[in-house]
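The values are calculated or read from the model by the stated rules, or taken from the named source; none is laboratory data. For clarity, every value in this text was computed on a predicted model and none was experimentally measured. Counting neighbours? That spans all protein chains shown, and the Cβs are built from the backbone with ideal geometry, glycine included.
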Amino acid sequence: MTRVSDKLASGKNFLGAYDQLTYALSRLKNKSNASIFTNEFLTRTERIMLTKRLAIILMTARGYSSVETGRHLKVSTSTVLRHRSKFLKGEYFKLLASLGFKIKKDYERLWKEIERLFKLPPIAGPGRWTWVSEISDYN
């Protein structure tokens, strides 16, 4: 995708374009269609950015520290803190509910996928310190 100016179009034009975007998103009926939309509409960088934003929100909900979240996702602590602050103010709750994450089973399934993708250690219990030996030179 070529670089698009971030300058706002006139109010009426922007609202019309934004309405078309939200309409297009509302028409995505399944994961396959959503994947097609994101792969064709978003650049690789944009997909990574949005994925990391969602992961920050979910890691915050799971109790990971800002430093730990930043290290695992390879983002700055200030980026994590910015999204954590919004999350703690309740700004992402409607988003998560609209995506269907109000059901604990869906949340846990998504969380397991994030743990797998980013190789996150458990926050408590057995195995929470195994990552130290993986990065240590003392093995």
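For the reader, a short list of remarks on this structure follows.
- Count - residues of segment 109-135 that are at pLDDT 65 or above and assigned to a helix (DSSP H, G or I): 10
- Residue 84 vs. criteria more than 18 Å from residue 113 (Cβ to Cβ) and of a type in the set (D, E, K, R): yes
- Subset of segment 28-52 [in contact with a helix residue (DSSP H, G or I) (Cβ under 9 Å, 6 or more places away or on another chain), part of a helix (DSSP H, G or I) and within 23 Å of residue 76 (Cα to Cα)]: 46, 47, 50, 51, 52
- Here 26, 65 are screened, and the one residue that is more than 15 Å from the chain's Cα centre (by Cα), surrounded by fewer than 11 Cβ atoms within 10 Å (Cβ to Cβ) and without any contact (Cβ under 8 Å) to a residue 24 or more places away in the chain is 26.
- Meets criteria (modelled with pLDDT of 90 or more, closer than 15 Å to residue 118 by Cβ and either among the hydroxyl-bearing types (Ser, Thr, Tyr) or within 16 Å of the chain's Cα centre (by Cα) (or both)) for residue 45: no
- Any hit, segment 75-87, residues being modelled with pLDDT under 85 and either surrounded by 14 or more Cβ atoms within 10 Å (Cβ to Cβ) or not in a helix (DSSP H, G or I) (or both): yes
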